[in-house]
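**Student:** One structure is given below, represented as structure tokens, and several questions about it will come after.
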Amino acid sequence: MGMTMTQKILAAHAGLDSVHAGQLIEADLDLVLGNDITSPVAIHEMEKMKTNHVFHENKIALVMDHFVPNKDIKSAQHCKCVREFARKHKIKNFFDVGEMGIEHALLPEQGLTLPGDVIIGADSHTCTYGALGAFSTGVGSTDMAAGMATGKAWFKVPSAIKFNLVGSLGKYVSGKDVILHIIGMIGVDGALYQSMEFGGEGVASLSMDDRFTIANMAIEAGGKNGIFPVDQRTMDYLCAHAKRHFTVYRADPDAEYTAEYTIDLSALKPTVAFPHLPENTRTIDEVGEIPIDQVVIGSCTNGRLDDLRAAAEILRGKKVAKGVRCIIIPATQRIYLDAMEQGYIRDFIEAGAVVSTPTCGPCLGGYMGILAEGERCVSTTNRNFVGRMGHVDSEIYLASPAVAAASALTGKLSGPDRL
């Protein structure tokens, strides 16, 4: 029996000719990632191991992105811990204020995540890098500590679900709508500990930003990882960003999948996930009258340039509805600069929105937009759990940047085609 993309990558990194679903393996790591919330825990675990070195100073990435610039004393102490660790171990890929960005947008931009890599990160949305044909998955801080010390990690080889994409996306429909549609279809545990493998002729029509968004939210369907084939669009991206050699793996024709789905991209509509689960989806023509208090456009899911462009094109020359707070968060400094050069930042400010430094911010209830009791937010983030962005009696509606921008203008959950 053949292997999936993920299985081929894991076999190569375990030094095996082949692996099968359910097999336990130890694999070499190409990158270990941590942020300002998860890294301090891993650092303290390493201290318990009495380990005085990291496995490779160039294969660890530490990104200060959740509460940075520091919002309070506790976050400042966490960042101080990581800064001192990075200095002690001469960590090359340490990103702090002024050069940081949201980790899952920053690392591909920096050329640190490449096809064929095995990447672990102490953040659940590490699965983002599957957009580039890597096996990447989130782990706990203890596994991060072991990874930093040894350069290895244990895995149970996942089985896989195949998503065959056909057609191409219509106007105002994006990768966010694709993944929300899929999660609504299979549920938040529909791919539990499985690899979500995307393929088909429809992949070619998806931008890299669309693919990053889809892979990013694989975890919201319970997936171990999401992964895309490496095609010409991927290679074009890598030509601009990759700084080291990489290996491309392709699924075998006779690879085994536990299920297969065909998704007609041309049939999809803008989709919204209602509180309090990403699977609670409705198309935009089914949402009804939902007044809102806040809009957030950003995060590791939807803070890239394509996302800002989609929002700017809708907000340009218009005004955010009275009583609505519209917060824009570019995912990296490079994206911020590109958005400035394209005029998007002016569009946002003139429309009555505010623009933040790159940060995860309100996505996890951090800062830069916390919700009060009873408030509703349309957000381009990835989770809408109870209390995720603030008060337990607030509500989060997950949507694309286009829907979020349109909603900011009307003061209620709205589709951009109805402005």
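The values are calculated or read from the model by the stated rules, or taken from the named source; none is laboratory data. The structure displayed is predicted, hence computed values, not measured ones. Because the Cβ atoms are built from the backbone with ideal geometry, glycine has one as well, and the counts that use them run over all protein chains shown. Remember, those area values only see protein heavy atoms, side chains included, never the ligands or the DNA or RNA. Shrake-Rupley method; radii C 1.70, N 1.55, O 1.52, S 1.80 Å.
**Student:** How do 6-18, 327-339 rank on mean C-beta neighbours within 10 Å, highest first?
**Tutor:** 327-339, 6-18
**Student:** So what is the accessible area of segment 1-71 per residue, in Å², with the probe set to 1.4 Å?
**Tutor:** 43
**Student:** What per residue convex hull volume, in Å³, do the alpha-carbon atoms of segment 69-177 yield?
**Tutor:** Each residue corresponds to 164 Å³ of Cα convex hull volume.
**Student:** Under 16 Å between alpha carbons, and skipping anything fewer than 8 positions from Lys318 in its own chain: which aspartates and glutamates qualify?
**Tutor:** Asp347, Glu350, Asp417
**Student:** Given a Förster distance of 41 angstrom, what is the FRET efficiency for His391 paired with Leu16, based on the Cβ-Cβ distance and rounded to 0.05?
**Tutor:** It comes to 0.25.
**Student:** Now, a different point. Just tell me, in residue order, which DSSP H segments of the chain are both 18 angstrom or longer along the helix axis (alpha-carbon based) and at least -1.0 in mean Kyte-Doolittle hydropathy.
**Tutor:** Helix filter hits for the chain: 73-88.
**Student:** Given N residues in segment 1-85, what is its alpha carbon radius of gyration divided by 2.2 N^0.38 Å?
**Tutor:** It is 1.46.
**Student:** Shifting gears a bit: Over the chain, what is the relative contact order in percent, taking alpha-carbon pairs closer than 8 angstrom and at least six residues apart?
**Tutor:** After rounding, I find 17 percent.
**Student:** How compact is segment 1-146 by the rule of thumb for globular proteins, expressed as Cα Rg over 2.2 N^0.38 Å? Write out the running numbers ahead of the final one.
**Tutor:** Details: Rg = 15.7 Å, N = 146, 2.2 N^0.38 = 14.6 Å.
Cα Rg divided by the expected 2.2 N^0.38 Å: 1.08.
**Student:** Using the charge dipole of the chain (Lys, Arg: +1 at Cβ; Asp, Glu: -1 at Cβ; taken about the Cα centre), state which of Met196, Ser39, Thr301 has its Cα farthest towards the positive end.
**Tutor:** Final value for the positive-end residue is Ser39.
**Student:** Related question: What is the Cα centroid distance between segment 63-80 and segment 325-388, reported in whole angstrom?
**Tutor:** Taking the Cα centre of segment 325-388 as reference, the centre of segment 63-80 is 18 Å away.
**Student:** Taking only protein heavy atoms and a 1.4 Å probe, what accessible area per residue, in Å², does segment 232-326 have with all protein chains in place?
**Tutor:** 52
**Student:** Still on this structure: So for each of 151-160, 205-214, 49-58 I average, over its residues, the number of other beta carbons within 10 Å; can you give me the resulting order with the highest mean first?
**Tutor:** 205-214, 151-160, 49-58
**Student:** Which value in nm describes the separation of the simple spin-label points at Asp189 and Ser266, placed 7 Å from the Cα toward the beta carbon?
**Tutor:** For Asp189 paired with Ser266, the spin-label model returns 3.8 nm.
**Student:** Taking a threshold of 28 Å on the Cα-Cα distance, which of the pairs Lys48/Lys88; Lys59/Lys176; Lys80/Lys176 fall above it?
**Tutor:** Pairs exceeding 28 Å: Lys59/Lys176; Lys80/Lys176.
**Student:** Taking all protein chains as present, what is the carbon and sulfur share of the accessible area of the chain, in % to the nearest whole number, probe 1.4 Å? Can you show the working numbers first?
**Tutor:** On the way: 8030 of 15970 Å².
Answer for the chain is 50 percent, counting heavy atoms of protein chains only.
**Student:** Show that you can apply the helix-only estimate: for the chain, add -39,500 (n - 2.57) for every DSSP H stretch of four or more residues, divide by all residues, and state [θ] at 222 nm to the nearest 500.
**Tutor:** -8500 deg cm²/dmol
**Student:** Which of the aspartates and glutamates could be linked to Lys152 by a straight reach, that is with a Cα gap under 14 Å, when you skip same-chain ones fewer than 8 residues away?
**Tutor:** Straight-line reach from Lys152, under 14 Å: Glu26, Asp28, Asp30, Asp117, Asp143.
**Student:** Can you tell me the accessible area per residue over segment 333-381, all protein chains present, probe 1.4 angstrom, in square angstrom? Kindly include the intermediate steps, with their values, before the conclusion.
**Tutor:** Working: 2040 Å² over 49 residues.
For segment 333-381, the per-residue accessible area is 42 Å².
**Student:** Here's another thing I want to ask about it. Once the Cβ-Cβ distance between Lys74 and Met49 is put in as r, and R0 is 30 Å, what FRET efficiency do you end up with, to the nearest 0.05?
**Tutor:** The value I calculate is 0.75.
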